[in-house]
Amino acid sequence: MKILICYFSGTGNTKKVVDKYEKTLTSLGYEVDTYKIEENNFNFNLDEYEMIGIGYPVHAFNAPSIVLNFARTLPKQSGKRTFIINTSGEPLKLNNISSIKLTKILNKSGYNVTNEYHYVMPYNIIFRHTDNMAYKMWETAKSVIPIDCKEILRGEVSHLESVFMGRFLAWIFRIEHWGGRFNGKHYKVKDNCIHCNKCVNICPTHNIKVENGKFHFGKNCIMCMRCSFLCPKSAIKIGLFEKWKVNGAYNFNNPNNYEDEVHKNYCKKSYIKYFENCNAKINNIQIENVEEEKDTEEIVKV
Ligand SMILES: Cc1cc2nc3c(=O)[nH]c(=O)nc-3n(C[C@H](O)[C@H](O)[C@H](O)COP(=O)(O)O)c2cc1C
């Protein structure tokens, strides 16, 4: 079976998760292709794939506009199995509404969204998680992804819990799509810029231009934070959200670094619940595996 995973990732978290899906599904004997939505060249033929996955980071409790626009351009299908993968910085249940619009668009074009999985990954806006937390999030996602992949392959259906008034709330929060474009025009470059032009080259919507050494930010910003997050000098001011800027890639391999743990109480209960639920899922599978092994041993004996 061939599987295509189309994804958008602003600062790498969703890509990391999609890569793990690709690796896991491949090791289970499936042929997996991935497609970066921002490439916008549709170099795939959907008829070749029996299943498709769509991955994205949650932006203001929604899928980013680039993902919704991509979904709108997908060719009509009749019931193609589709799964959704999303990442977000906090484990709030409200994030479950992020796929409502995307699912509606996909359903309208004949896609059958059967599974959705949500992984908590470090924030790329608001505040910087500690390396310890980034490590914990990634280790958890890495252990849960193979379980979720197997669930998809067994043909089981799995949706996230619904949220009261979710449709309405998701509609309200989609103001971010407009707000991002507005805010993006107010990005500024500080004097410590070294003119490496990394931001210009990595912007997924080609929204940053340089003319006579001056930076111009257009009206197509999708607030993915890639430019400011990856700027080697943290030289980009992100308009109204400057106080929430997070700069520099995370180190996912540094469990002993608790530096700057000033936000340790933020959504504390939700994070604890998220890790507990994931661990319960991992432990259940381990118990099932042991029982299966015992059954097989008994059959062999008989
Ligand atoms: C504009 C914006 C809005 C965001 N909104 C949310 C949100 O509503 N809920 C949440 O938990 N995380 C939110 N986040 C955090 C990201 O979803 C999270 O860090 C994600 O893993 C980033 O993935 P990426 O590296 O693939 O872009 C937001 C990030 C950005 C840039």
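Numbers below:
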item: Output for the range 95-131, where each listed residue is within 11 Å of the ligand (Cβ to nearest atom) and either hydroxyl-bearing (Ser, Thr, Tyr) or in contact with a Lys or Arg (Cβ under 8 Å, 6 or more places away or on another chain) (or both); result: Ile97, Ser98, Tyr119, Met121, Pro122, Tyr123, Ile125
item: Flag if Glu259 is exposed (fewer than 14 other Cβ atoms within 10 Å of the Cβ), assigned to a helix (DSSP H, G or I) and not hydroxyl-bearing (Ser, Thr, Tyr); result: no
item: Cβ pairs under 9 Å, 6+ apart, first in the range 54-68 and under 13 Å from Ile97 (Cα atoms) and basic (Lys, Arg), second more than 6 Å from the ligand (Cβ to nearest atom) and open to solvent by 10 Å² or more (accessible area, probe 1.4 Å); result: none
item: Long-range neighbours under 9 Å by Cβ, at least six apart or interchain, first residue closer than 12 Å to Pro122 by Cβ within the range 227-255, second near the ligand (Cβ under 10 Å from one of its atoms) and of a type in the set (Val, Ile, Thr); result: Phe229/Thr11; Phe229/Ile125; Phe229/Val246; Val246/Thr11; Val246/Ile125; Val246/Ile126; Ala249/Thr11; Tyr250/Thr11
item: Scope the range 163-194; condition loosely packed, with under 12 Cβ neighbours inside 10 Å and assigned to a loop (DSSP other than H, G, I, E, B); matching residues; result: Phe164, Met165, Lys190, Asp191, Asn192, Ile194
item: Hits in the range 72-94 (condition: open to solvent by less than 20 Å² (accessible area, probe 1.4 Å) and within 21 Å of Cys149 (Cα to Cα)); result: Thr82, Phe83, Ile84, Ile85, Asn86, Thr87, Ser88
item: Check on Ile272, more than 18 Å from Met133 (Cβ to Cβ), at pLDDT 95 or above, among the β-branched types (Val, Ile, Thr) and outside the structural domain of Glu38 (by TED's automatic domain parsing); result: no
item: Members of the range 126-146 found to be open to solvent by less than 30 Å² (accessible area, probe 1.4 Å), under 16 Å from the mean Cα position of the chain (by Cα) and farther than 13 Å from Pro255 by Cβ, listed by number; result: Ala141, Val144, Ile145
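The values are calculated or read from the model by the stated rules, or taken from the named source; none is laboratory data. All of these numbers come straight from a predicted model, not from anything done at the bench. Don't worry about glycine lacking a Cβ; one is built from the backbone with ideal geometry, like all the others, and counts go over all protein chains shown. Accessible surface is based on the protein model in full, side chains and every heavy atom, while ligands, DNA and RNA are left aside. Shrake-Rupley method; radii C 1.70, N 1.55, O 1.52, S 1.80 Å.
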